[in-house]
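Visitor: Just dropping this structure here.
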Amino acid sequence: APQGGLCPACGLAALPPASQRDVLIAVAKQSILSKLRLPDRPNITHPTSRGALLSALRRMRAQHTDTTVSPGMPHDSSIPPLRPGAGVQEFELLSFAESGSSTSRSVRLHFHFTQELPGSTEILQATLYLFWAVPGPGIHPITIKFLQPDPTGLSMTTVSETRLEVQRAGWVTLDVGQAVRSLFGRGSQSLTVELEVAEDWSSPLLAGHNDSHWPFVAAQARVRMPHRVQRR
Amino acid sequence: GIECSGTSRMCCRKEFFVDFKEIGWEDWIIQPEGYHMNYCAGLCPMHMAGIPGLAASFHTAVLNLIKANNADAAVDSCCVPTQRRPLSLLYYDRDSNIIKTDIPDMIVDACGCT
């Protein structure tokens with residue numbers, strides 16, 4: 001509405017064209033950063049390789065259209081499909097693993113989630129994507145442990161554990177929604193996953209050999225609405 | 001909506017593209033290559049008030065013009081966005097995670113008078 005006979009944007013027209021451009025670019029920058037809740041533009045020190053990124057995006061797209069779930073690992077059916085309402089901002093997050101300690105039978109993966117997520121965001125769904133290279137035919141059992149640092153911070157304790165059976169090389173998905181929700185509930189940002197195989201595979205994951213097989217977590221989240229009432 | 005041309009001073013949509021490479025943001029915004037921000041500019045005479053997209057209805061404009069001519073006091077109106085759409089971004093956050101999101105109401109598609 002006009003205020004004092006002037007419209008809010010009228011001032012722009014009074015500026016010389018060069019200044020108009022500077023003002024508009026400044027407005028655009030500020031608008032994008034504030035909507036993303038970023039105080040400043042992120043400085044990227046470790047960009048993800050293009051191969052890993054493209055592979056992850058392809059896997060996510062395939063997962064959205066594929067109704068098949070991994071054996072013994074059904075996805076949480078209580079999560080409603082995404083139906084963003086007016087003004088509700090949703091996110092899809094890709095977090096690539098950082099390798100931790102590993103042996104010929106086990107490997108630890110660390111995922112560091114965004115600083116903006118805990119506390120302010122509701123995790124709708126989270127899936128861990130792993131690419132296995134099985135040593136031969138047959139069924140290969142794998143134990144997957146979710147770890148958290150103990151109160152002293154010196155060692156890790158197992159929060160939950162699940163088993164998976166892999167029959168052939170390829171991508172396997174695992175629902176980690178509850179683990180990530182629990183993590184954020186504790187105000188933590190880091191998820192540590194330990195993968196353990198029964199026999200000596202020399203290297204349980206193919207991640208070290210190929211960027212496009214790098215493990216990652218894909219999560220769907222939305223900004224928590226302050227006025228929403230939740231019934232448990 | 002009406003696109004701004006060189007001659008018209010009426011309410012219209014001006015295209016404005018922010019190239020992320022030009023502002024040095026291409027390292028953290030993966031997609032798209034830029035932001036079609038756009039904005040509304042121009043005059044909103046009384047008889048154009050309340051017409052989304054300006055040319056939505058010729059008859060409404062004529063009726064409003066008659067009303068305006070008969071009005072005792074003219075009230076200004078503003079040229080504002082009447083139609084907007086989200087901006088989809090794929091970007092790195094501060095922890096080098098990759099985020100995909102749609103920021104609502106970021107791109108001005110049409111303008112009109114309040």
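What follows draws every value from the coordinates through simple rules; no lab data is involved. The structure presented is a predicted model; accordingly, all values stated were derived computationally and were not measured. Glycine gets a Cβ as well: all are built from the backbone with ideal geometry, and neighbour counts include every protein chain shown.
Visitor: May I ask you to sort B:V80, A:V217 by Cβ crowding, counting other Cβ atoms within 10 Å and putting the fewest first?
Guide: Fewest-to-most ranking of B:V80, A:V217: B:V80, A:V217.
Visitor: What is the sum of charges, Lys and Arg at +1 and Asp and Glu at -1, for the other residues whose Cβ falls under 12 Å from the Cβ of A:K145?
Guide: -1
Visitor: So what's the net charge close to A:S102: Lys and Arg +1, Asp and Glu -1, counting the other residues with Cβ under 13 Å from its Cβ?
Guide: On the way: positive: A:R105, A:R108; negative: A:E98, A:E194, A:E196, A:D200.
Every neighbour counted, the sum reads -2.
Visitor: Using a simple spin-label model with points 7 Å from Cα along the Cα→Cβ vector, what separation in nm is obtained for B:E26 and A:D22?
Guide: That separation, rounded to one decimal, is 2.4 nm.
Visitor: Among B:D93, A:D40, rank each residue by its count of other Cβ atoms within 10 Å, from fewest to most, as a rough exposure measure.
Guide: Taking fewest neighbouring Cβ atoms as first place, the list is A:D40, B:D93.
Visitor: Order B:12-21, A:152-161, A:172-181 from most to least packed using the mean count of other Cβ atoms within 10 Å.
Guide: A:172-181, B:12-21, A:152-161
Visitor: Under 5 Å between amide hydrogens, which residues at least 5 positions from B:I30 or on another chain qualify, with H placed 1.01 Å from N in the peptide plane?
Guide: Residues meeting the criterion, in which the H sits 1.01 Å from N, are B:L90, B:Y91, B:Y92.
Visitor: If we count every other residue with Cβ under 15 angstrom of A:D22's Cβ, Lys/Arg +1 and Asp/Glu -1, where does the sum land?
Guide: Residues near A:D22 contribute 0 overall.
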